[in-house]
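The values are calculated or read from the model by the stated rules, or taken from the named source; none is laboratory data. Please read all numbers here as calculations on a predicted model, not as lab measurements. When we count neighbours, we look across all protein chains shown, and the Cβ atoms used for this are built from the backbone with ideal geometry, even at glycine. Side chains included, ligands, DNA and RNA excluded: accessible areas come from the protein's heavy atoms. Shrake-Rupley method; radii C 1.70, N 1.55, O 1.52, S 1.80 Å.
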Amino acid sequence: MKNMAKEIALKNKPQQDNWVINTLHGIRKTRYLQLLVLPGLIFFLIFHYVPMYGAIIAFKNFRGGMTLGGAPWAENFGFEHFIRFFKYPDVWKIIRNTLLLNLYGIVFSFWVPIMIALFINELNSVLYKKSIQTIIFLPHFIALPAMVGILFLILSPTDGMVNQILAVFGIKPIYFMLKSEWFRPVYITSGIWQGAGWGCIIYLAALSRVDPELYESAIMDGANRIRQMWHISLPSIMPTIIILLILRMGRMMASGTGKILLMYSPLTYETADVIGTYLFRRGIIYAEYSYAAAVGLINSVINALFLVGANWLSKRTTKESLW
Amino acid sequence: MKLLGKCLFLFSALLILQGTVFATGGAEPPGGQELVTISIMSHGSYLVLPYGPEKNKEGRWKVRAREEFGIDFDLWDWTGDENAMFEKLNLLFATGDYPEVIDFRVRYYNDWARQGVLLNIEQFLDKVPNYRKIWTDEEWDLLYRARAADDGNLYAWEGNWPAAPARFWIYRKTAFDKMGLECPTTTDQLLQVLKVIKKENPDSLPFGTRGKGEASYIYGYFTFPFRIMGNCYDPDTGDFVGVEQATDKYRDMMKYFNTMYAEGYIDPAIATNKRPQNEANFANAKTYIWFSWPNRANWAEELQKKVVPDVKWVVSEKLITAYPDKKCYYQARLPFDGFAVTLTDKLKGEKLDRMLKLIDYQCTEEGARWSGLGAEGVHYSIDDKGVIQPFEKYNIWGPDYDNLNDPRKQDQIDHAAVAQSKAFFAWFMRENPYPKIIMEDPANEPQPLFFPRLTEEEGKKLADLSIIWDKTTEWYLKFLLGMEDPNDDAVWSEYLGELKKAGLDEVVQIRKTAFDRTYGK
């Protein structure tokens, strides 16, 4: 009797008490899936997590030829370089520029690939659709230096196309690449031109999964194209939009440093100098490795906070989130 | 059997071929020693530079180093872009994966020496006895004053070959003669000349520029005419000039640039043009006067012949000055050049020994002559008066050098190594008369040279204040491009105010302290 009771009790024992066994059981059950994921995990471990140890140089006074362990610790309990960054006279200018460039990027360019995807989705002719897609993808494949070189040529004050058109209307030539007030518009516009076509791929993929019966039902209910777009297409890709927006928010303190380095000059530092370019100057040109690492670490931490915050907000408001 | 025989024959033939035709490494190293491979990064080093139009052709020194010194130089990178190479080396030092030898601009070595990655030369002078012999006592002393790092040591195997005034005013003589113009000798005359040229040729951009970042090069053209001194006591005013961009002379120069740009004498896109755009101005015969090396006169001529067949560019024997009542500065003659080899702490053992032997050989008259002139009987002869006579094919200072199709580029010989042969220098000065003309002209004087030494702490403080150079460059462009008017006192005050906010006073004080300490003031 006692044994039977014991047996029944064991059988009915709540599952969570056996979590170790459950876990092991789960791993064993999904071992082939685990094996599939393992190379990727190892890759991330070796190339993304292990190198994080190198961030320690932000807390040291590291110089060329030293080892990570051999470099002496920085003053102020290792926070010397972090303090120094916030004492830099233009620190708030570069933070402002970084945030504004990204904010303008979101406001002016985030929605463009979505619109393009929605309009391409409306095209009936497959040939026409594919042709348009190919044409708008192409700028993405132009190398950055080449693209910036094209910008300089097009915007040249002497024989640039834009200034020649302006001259027809009697407007004096504008030296776009050297005026700080023009830097952001040129940066954002060229980014849209180059990236919008490529960016719409993921939305097109999401739209291709929408059940055609929904559109048929909408037609029967009298919905026109715009209404179909608004009530069917857009909501269908909303989860994708939100995920991408969250990821985009996680790069609020990042910026296309390479492109800015190619585009900017001392005359445009007022609006063009961002954390990335400052970091490049200090770290690569002045060889202040520890200081640059500290600035980069601050940047990454703020990015991470933005990402977490955006994810939380999205979860609260739209129930969509990365995790 | 027949088949077996054929296979054996083929196999043997392949073995022989592999050992002869496909063998790399050239001749046997001396004494049957194994070749050592030394990694090098270079900005155009004589040690590895492939001469001539065939880029895969090995340089003379590379071949000789292998055949006679047992060194196979492994070129990691060679780039003409100084900034790119500097940045790359900084990255390599951070990773710990840097080359054993670097051949680059000496002024960067101080920073790297501070990081402890370079080998100072003092510890090897006993193994390179000929190095000290190529310097007189005065030159050796000057070398230390100008080039020693913070710890007082030298880190570059600097070459002893006198850097004389190198750039001069060159102009399109045929056009000047047609317009009844003389080459100007004052900045006011230059403006007048440019005005006439522009009037006669409205599409022209009479003042030439060429390379990337020419906006800064124009600055370099006029610092001597305006007698702009920096980081020393100005001989004209007696005041200490810590930041030359905050002086009245600098303001005068900015007003001048402002006028040149406003009147259309300079390309409007100068601040963003790259070399191809600037060179196109030459090729389209838009330019008439320039400040550059004398053989650029040939270069400009060759480019413009397609548009103006009878064009002739010449070198002026006069400098241009902004202050006719004073002498005009020219580049002071120094016994060293500015580019040199340095050895990193990666170079050890046998490799180090062989490299030192190579350097030592280059300091002998024989080695120096071979570097600068080549082999006697092959590249030059000596006449009965003992005067060097290069064969015409190798006379790179001839009248039409830098011709784009010049066959002499096949075997270019103009890179002295560590030491310059006295015979070479005598010949060089004979072939290139302009430095002597400029130096002997009583209207000119050499720019005073000073080498104040900073402490490590001062260097660090100046690095923290580096934002001031961003400001000076920003405003330099604003003045040049007419975005701000340097004639306006309010604007000039605003500019100085921004410099002060960026730490002008502190920079001046640090530099003054360093100067006074170095020169015992």
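Surface composition of chain A: carbon and sulfur make up 70 percent of the accessible area, probe 1.4 Å.
Return the value, in Å² to the nearest 100, of accessible area buried between chains A and B (probe 1.4 Å, both sides summed).
2500 Å²
Remark: region B:280-288, residue by residue, has Karplus-estimated 3J(HN,Hα) of 4, 4, 5, 4, 8, 6, 8, 9, 10 Hz, where x stands for each Gly or Pro and the curve is 6.51 cos²θ - 1.76 cosθ + 1.60 at θ = phi - 60°.
Starting from the Cα gyration tensor of chain A, take the square roots of the eigenvalues, sort them a ≥ b ≥ c, and report rounded, prolate or oblate (rounded when a/c is under 1.5, otherwise prolate if a/b is larger than b/c, else oblate). Please report the intermediate quantities before stating the final value.
Values: a/c = 2.59, a/b = 1.17, b/c = 2.21.
It is oblate, given that a/c is not under 1.5 and a/b is not larger than b/c.
Near the amide H of B:L334, within less than 5 Å, lie the amide hydrogens of B:A163, all on another chain or at least 5 residues away, with H placed in the peptide plane. Residues of region B:269-301 that bury at least 40 Å² of accessible area when the other protein chains are present, relative to the chain alone (probe 1.4 Å, heavy atoms, ligands and nucleic acids excluded): B:T272.
Which residues, if any, in region A:279-294 have at least 30 Å² less accessible area in the whole protein complex than in the isolated chain, probe 1.4 Å? With the partner chains in place, region A:279-294 has these residues losing at least 30 Å²: A:R282, A:I284, A:I285, A:Y286, A:Y289.
Taking every residue in A:62-71, how many Cβ atoms of other protein chains lie within 10 Å of its Cβ, on average? Numbers along the way, then the final one.
Details: counts 2, 8, 17, 12, 6, 1, 1, 0, 0, 0.
Mean inter-chain Cβ contacts per residue within 10 Å come to 5.
Shown for region A:119-168: residues covered by the partner protein chains by 40 Å² or more of accessible area relative to the chain by itself (probe radius 1.4 Å), namely A:F152, A:T158.
Computed from label points 7 Å out along Cα-Cβ, the spacing between A:F86 and A:F108 is 3.2 nm.
Taking the centroid of alpha carbons for each part, region B:320-387 and region A:238-305 are 45 Å apart.
How large a share of the accessible area of region B:176-310, in percent, is made up of carbon and sulfur atoms when the probe is 1.4 Å and the other protein chains stay in place?
On the way: 2540 of 5360 Å².
Here carbon and sulfur together make up 47 percent of the probe-accessible area.
Using the Karplus equation 6.51 cos²θ - 1.76 cosθ + 1.60 (θ = phi - 60°), what ³J(HN,Hα) coupling, rounded to whole Hz, does each residue of region B:512-521 give in order, writing x for Gly and Pro? 3J(HN,Hα) across region B:512-521, in whole Hz: 5, 4, 5, 5, 4, 5, 5, 9, x, 8.
Please compute the per residue accessible area over the protein assembly as shown with all protein chains in place, 1.4 Å probe, rounded to a whole number of Å². Please list the in-between numbers first.
Details: 43190 Å² over 844 residues.
Averaged over the residues of the protein assembly as shown, the accessible area is 51 Å².
Residue by residue, region B:89-97 carries 3J(HN,Hα) couplings of 5, 4, 5, 5, 4, 5, 7, x, 10 Hz when phi is fed to the Karplus relation 6.51 cos²θ - 1.76 cosθ + 1.60 (θ = phi - 60°); x denotes Gly or Pro.
Take B:T247: with every protein chain present and a 1.4 Å probe, its accessible area is about 30 Å². Distances between placed amide hydrogens fall under 5 Å for A:G160 paired with no residue 5 or more residues away or on another chain. Write out the trypsin sites (Lys or Arg not before Pro) in region B:301-363 meeting two conditions: DSSP loop, and at most 12 other Cβ atoms within 10 Å of their Cβ. Here the sparse-neighbourhood loop sites are B:K306, B:K348.
Distant-in-sequence amide contacts of B:A419, defined by a placed amide H-H separation under 5 Å and a gap of 5 or more residues or a different chain, comprise B:N160. Relative contact order of region B:166-324, taken over Cα pairs closer than 8 Å and 6 or more residues apart, is 45 percent.
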